[in-house]
Number of protein chains: 6
Amino acid sequence: MIYLTRRERFNAAHRLYREDWSEEKNMEVFGKCSNPNWHGHNYVLFVTVKGELKPELGYVVDLKVLSRLIREHIIDKLDHKNLNLEVEFMKDRMVSTEQIAIAIWQELEPPVGSLGVELHCIRLEETENNFVEYFGK
Amino acid sequence: MIYLTRRERFNAAHRLYREDWSEEKNMEVFGKCSNPNWHGHNYVLFVTVKGELKPELGYVVDLKVLSRLIREHIIDKLDHKNLNLEVEFMKDRMVSTEQIAIAIWQELEPPVGSLGVELHCIRLEETENNFVEYFGK
Amino acid sequence: MIYLTRRERFNAAHRLYREDWSEEKNMEVFGKCSNPNWHGHNYVLFVTVKGELKPELGYVVDLKVLSRLIREHIIDKLDHKNLNLEVEFMKDRMVSTEQIAIAIWQELEPPVGSLGVELHCIRLEETENNFVEYFGK
Amino acid sequence: MIYLTRRERFNAAHRLYREDWSEEKNMEVFGKCSNPNWHGHNYVLFVTVKGELKPELGYVVDLKVLSRLIREHIIDKLDHKNLNLEVEFMKDRMVSTEQIAIAIWQELEPPVGSLGVELHCIRLEETENNFVEYFGK
Amino acid sequence: MIYLTRRERFNAAHRLYREDWSEEKNMEVFGKCSNPNWHGHNYVLFVTVKGELKPELGYVVDLKVLSRLIREHIIDKLDHKNLNLEVEFMKDRMVSTEQIAIAIWQELEPPVGSLGVELHCIRLEETENNFVEYFGK
Amino acid sequence: MIYLTRRERFNAAHRLYREDWSEEKNMEVFGKCSNPNWHGHNYVLFVTVKGELKPELGYVVDLKVLSRLIREHIIDKLDHKNLNLEVEFMKDRMVSTEQIAIAIWQELEPPVGSLGVELHCIRLEETENNFVEYFGK
């Protein structure tokens with residue numbers, strides 16, 4: 001079993017916000033992260049898959065294929081977007097780093113599985129000081 | 001003469017956009033950077049000042065004072081903000097990395113001068129692949 | 001279960017040294033790391049906590065609260081300090097990266113627990129080439 | 001139990017290639033990574049060992065000893081080399097990041113064990129966007 | 001006048017070598033960098049251009065256009081290549097970091113000029129510890 | 001003319017301090033940087049030299065020679081040392097980043113000149129947020 005990680009990046013706007021709370025309540029709980037005019041980040045995404053080495057090819061999965069799959073399912077939908085308003089799979093979720101990571105897991109698990117490897121970890125960095133990791137359970 | 005650089009960071013939303021153009025024209029010229037729902041970045045700012053060494057103190061300027069000045073004049077006004085809508089000194093400017101850097105220069109030059117040093121360079125990184133430098137002329 | 005990591009930094013002096021050994025013995029075993037006049041590092045600390053997502057808030061723990069807790073219990077006690085002479089919780093320990101990491105775990109586990117999450121890992125980087133990780137057992 | 005990681009680097013040439021395939025087949029499957037004239041990388045290697053703290057010394061293993069061991073067994077054999085042509089322990093293997101990591105594990109496990117610690121992970125970065133991890137099984 | 005920098009990367013094989021010297025002489029002068037079986041690097045290229053701000057667009061030059069131009073003239077010709085054998089514009093040159101940087105300047109200056117900006121600096125990093133800068137004179 | 005930069009690192013203890021001031025005055029002016037028990041840093045040093053390309057060798061100066069020279073004149077004297085107590089060339093100077101950079105310039109200029117190149121810049125990073133540059137005048 002070997003673990004392979006691909007790094008990708010996307011730049012997006014977001015805010016922490018609950019629709020069923022007043023703006024005052026949102027600001028009180030989430031502070032400046034709830035700015036109604038949005039703010040944004042250069043998110044850094046690490047997708048780790050695991051699998052057996054394919055002996056005839058020497059690798060677990062073709063990195064070009066993995067990268068293309070991440071771009072198609074995730075990056076193209078998140079990059080230069082407003083994560084609260086424009087991302088189908090973030091609908092009805094708090095747009096926190098935690099929730100984005102979990103949603104990315106759910107979006108990537110089926111297509112990654114179809115490559116004959118298993119999704120192992122989604123790591124999402126919001127700033128150089130903060131990141132989350134999700135292992136699917 | 002010695003050069004001292006302080007790094008600070010801010011996370012903000014923006015878009016490239018001209019009000020006197022239609023949305024179609026904006027999208028045609030600026031592409032996804034003109035998304036009307038905004039996107040954002042972790043901007044990294046390097047402020048370089050130059051001056052003579054103060055022999056009795058061993059430094060050009062007190063870093064704590066310089067950092068506080070940058071926070072007061074720049075970071076507090078840009079961090080977790082929408083650069084198009086909420087920043088007084090970006091009014092009537094294209095919110096490009098170039099224009100933000102020039103505006104930061106104009107905001108910082110007077111207070112930096114009052115510390116007895118000269119502003120030398122504003123370097124602003126938008127992503128790990130793009131940055132601009134402005135030397136005031 | 002999701003894992004959240006906060007990065008903090010502190011700059012400190014230290015030496016590897018056993019009081020019950022002669023200076024010669026200390027130098028022989030620990031080399032230049034035992035310099036009696038001290039040396040120092042920019043330590044980089046990664047604190048990883050794990051917990052269930054709080055569904056009403058979208059996160060595991062409020063990052064501002066976690067950061068403040070790490071500053072109060074760790075950074076304020078280690079930053080710009082001599083780790084051998086001035087840190088209560090390093091008394092009677094070898095001031096190695098390993099021992100500092102273990103001591104940080106012991107200091108942080110109770111207050112982190114009071115936030116409703118579990119401390120998962122202390123990662124402490126001494127230089128860009130060396131780091132230790134401690135998982136509490 | 002504590003985990004200690006040492007980072008080392010080596011610069012080398014390689015290609016993805018199967019001798020029993022035609023050049024056309026190699027190029028079709030491996031693309032530009034199969035260029036018969038070679039290409040190369042600045043590989044970054046992270047060796048993680050685990051063990052009990054030696055209480056009298058305060059560390060798991062002497063970093064100077066660990067670093068020297070990695071240099072002798074791995075770096076001196078890979079740095080500024082052609083990984084397909086000049087490395088005894090890569091003979092008859094596909095020279096993929098995965099296979100290099102597994103071979104490094106096999107080379108390092110015995111000598112690391114002789115230091116009284118256990119090899120835990122080989123992490124090998126080929127570029128800033130790609131890395132593999134191998135845990136020995 | 002404002003300075004804009006774009007970072008690009010390429011992975012390539014090379015050796016330091018003079019055809020008119022014996023292998024012994026090459027090894028004696030250039031050491032392991034002259035390995036006849038090649039070695040390689042992840043080169044990091046920073047292209048800095050300077051120009052007046054285009055007031056109607058807010059930038060000096062369209063980054064997408066600049067990036068495409070660098071890819072077409074440089075990256076596509078160097079990435080996953082052998083710099084000694086396969087690069088037209090490196091023919092009859094020592095394949096040192098210095099010479100690669102100067103050659104990149106010569107290749108880029110005309111097309112960059114056609115964008116209405118001036119090429120200011122080529123910075124080429126061979127490893128995290130070594131880089132060269134060339135300003136065209 | 002081409003510019004070549006070599007990065008080196010050293011870990012050291014220091015404090016900001018004037019002997020002719022009381023401890024109270026030192027603490028008042030320099031704050032925690034004046035802790036009498038010392039603190040320390042992982043300093044990162046960039047030495048930039050400039051010169052004509054040696055056409056027969058393809059480089060400005062042999063990097064191995066430059067690196068050895070920096071190690072001999074600077075790193076061996078600063079690494080794992082107390083910069084206030086143990087460094088001949090820091091005697092009677094404030095041990096600020098600015099003064100260390102200037103002293104390194106003065107130490108390196110003669111031997112660098114003997115390599116047939118000119119010292120261009122000393123850049124010294126104290127933390128990831130602070131650095132100074134000195135160009136010799």
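The values are calculated or read from the model by the stated rules, or taken from the named source; none is laboratory data. Quantities reported herein were computed from a predicted structural model and do not represent experimental measurements. Here the Cβ positions follow ideal geometry from the backbone for every residue, glycine too, while neighbour counts run over all protein chains shown. Ligands, DNA and RNA are excluded from the accessible area calculation, which covers all protein heavy atoms including side chains. Shrake-Rupley method; radii C 1.70, N 1.55, O 1.52, S 1.80 Å.
Would you mind telling me the share, in percent, of accessible area of the protein assembly as shown contributed by carbon and sulfur at probe 1.4 angstrom?
Carbon-and-sulfur percentage of accessible area, whole number: 48.
Mind running the shape call on segment E:1-80? Use the C-alpha gyration tensor, a ≥ b ≥ c as the square roots of the eigenvalues: rounded below 1.5 for a/c, prolate if a/b tops b/c, oblate otherwise.
Since a/c reaches 1.5 and a/b is larger than b/c, the shape of segment E:1-80 is classed as prolate.
Once you have a ≥ b ≥ c as the square roots of the Cα gyration tensor eigenvalues for the protein assembly as shown, tell me rounded if a/c is under 1.5, and otherwise prolate or oblate according to whether a/b is larger than b/c.
Judged from the Cα gyration tensor, the protein assembly as shown comes out rounded (a/c under 1.5).
May I ask you to derive the relative contact order of segment D:1-81, considering only C-alpha pairs under 8 Å and at least 6 residues apart, and to give it as an integer percent? Write out the running numbers ahead of the final one.
Values: 103 pairs, mean separation 37.2, N = 81.
After rounding, I find 46 percent.
Only Cα pairs under 8 Å and at least 6 apart count here; give the relative contact order of chain F as a rounded whole percent.
It comes to 30 percent, rounded to a whole number.
Inter-copy label distances at D:Trp21, 7 Å along the Cα→beta-carbon direction, one decimal in nm, shortest first?
In ascending order, 3.8, 4.6, 5.4, 5.4, 6.8 nm.
So what is the calculated 222 nm ellipticity per residue for chain D, using -39500 (n - 2.57) for each DSSP H run with n of 4 or more, over all residues, to the nearest 500 deg cm²/dmol? Let's see the in-between values first.
Values: 3 runs with 33 residues, N = 137.
Counting only the DSSP helices, I get -7500 deg cm²/dmol.
Select from C:Phe30, C:Phe46, C:Phe89 the residue whose mean-square fluctuation is largest in a Gaussian network model of chain C (Cα-Cα springs shorter than 10 Å).
The residue that fluctuates most here is C:Phe30.
Between F:Asn37 and B:Leu115, what FRET efficiency comes out of the Förster formula 1/(1 + (r/R0)^6) with R0 = 30 Å and r the beta carbon distance, rounded to 0.05? Write out the running numbers ahead of the final one.
Working: r = 30 Å, r/R0 = 1.00.
So the FRET efficiency works out to roughly 0.50.
Considering chain D as a Gaussian network with a 10 Å cut-off on Cα pairs, which listed residue, D:Trp105, D:Trp38, D:Trp21, attains the greatest mean-square fluctuation?
D:Trp21
List the residues, sorted by chain then number, that are 5 or more residues from E:Val60 or on another chain and whose placed amide H is less than 5 Å from its amide H.
Here E:Lys54 satisfy the definition.
Place the label 7 angstrom along Cα→C-beta at E:Met1 and in each other copy, then list the distances from the first to the rest in nm, shortest first.
Nearest to farthest, the other copies are at 1.4, 1.4, 6.0, 6.0, 6.1 nm.
Per residue, how many Å² of accessible area does segment C:2-134 show with a 1.4 Å probe?
39
Whole Å is fine, so just give me how far the alpha carbon centre of segment D:4-51 lies from that of segment F:20-64.
Segment D:4-51 and segment F:20-64 have Cα centres separated by 37 Å.
What number comes out for the charge environment of A:Val117, summing +1 per Lys or Arg and -1 per Asp or Glu over other residues with Cβ under 10 Å away?
Working: positive: A:Lys50, A:Lys54; negative: A:Glu52, A:Glu118.
Here the count lands on 0.
Hey, got the average number of other protein chain Cβ atoms within 10 angstrom for residues in E:119-126?
Per residue, the number of nearby Cβ atoms from other chains is 1 on average.
Please identify the trypsin sites (Lys or Arg not before Pro) of segment D:1-95 that satisfy two criteria: DSSP loop assignment and at most 16 other Cβ atoms within 10 Å. Which are they?
Hits after loop and neighbour filter: D:Arg18, D:Lys91.
At 7 Å along Cα-to-Cβ for each site, give me the label-to-label distance between E:Glu52 and D:Thr127 in nm.
For E:Glu52 paired with D:Thr127, the spin-label model returns 3.9 nm.
For a quick check: with amide H placed at 1.01 Å from N, whose amide H comes under 5 Å from E:Asp79's, ignoring anything fewer than 5 positions away on the same chain?
The list, which skips near neighbours in sequence, is empty: none.
Defining a contact as two alpha carbons under 8 Å apart and six or more residues distant in sequence, what relative contact order in percent does segment A:64-137 show?
Working: 69 pairs, mean separation 19.0, N = 74.
The value is 26 percent.
So if we plug the beta-carbon distance of F:Arg18 and D:Arg71 into 1/(1 + (r/R0)^6) with R0 = 30 Å, what FRET efficiency do we get, rounded to 0.05?
Numbers: r = 44 Å, r/R0 = 1.46.
The value I calculate is 0.10.
Between C and F, buried accessible area summed over both sides at probe 1.4 Å, in Å² to the nearest 100?
Heavy-atom accessible area buried at this interface is about 2000 Å².
In this model, which of E:Lys25/E:Lys77; A:Lys32/C:Lys64; A:Lys50/D:Lys25; C:Lys50/C:Lys137 are farther than 19 Å apart at the alpha-carbon? Spell out each step's value before the answer.
On the way: E:Lys25/E:Lys77 30 Å; A:Lys32/C:Lys64 11 Å; A:Lys50/D:Lys25 26 Å; C:Lys50/C:Lys137 16 Å.
Where the Cα-Cα span goes over 19 Å, the pairs concerned are E:Lys25/E:Lys77; A:Lys50/D:Lys25.
How far is E:Glu52 from itself in the other copies, in nm, if each label sits 7 Å out from Cα along the Cα-Cβ line, shortest first?
3.7, 3.7, 6.5, 6.7, 7.6
Once a ≥ b ≥ c are taken as the square roots of the eigenvalues of the Cα gyration tensor of segment B:2-137, is the result rounded (a/c under 1.5), prolate (a/b larger than b/c) or oblate (a/b not larger than b/c)?
Values: a/c = 2.56, a/b = 2.51, b/c = 1.02.
Verdict is prolate for segment B:2-137.
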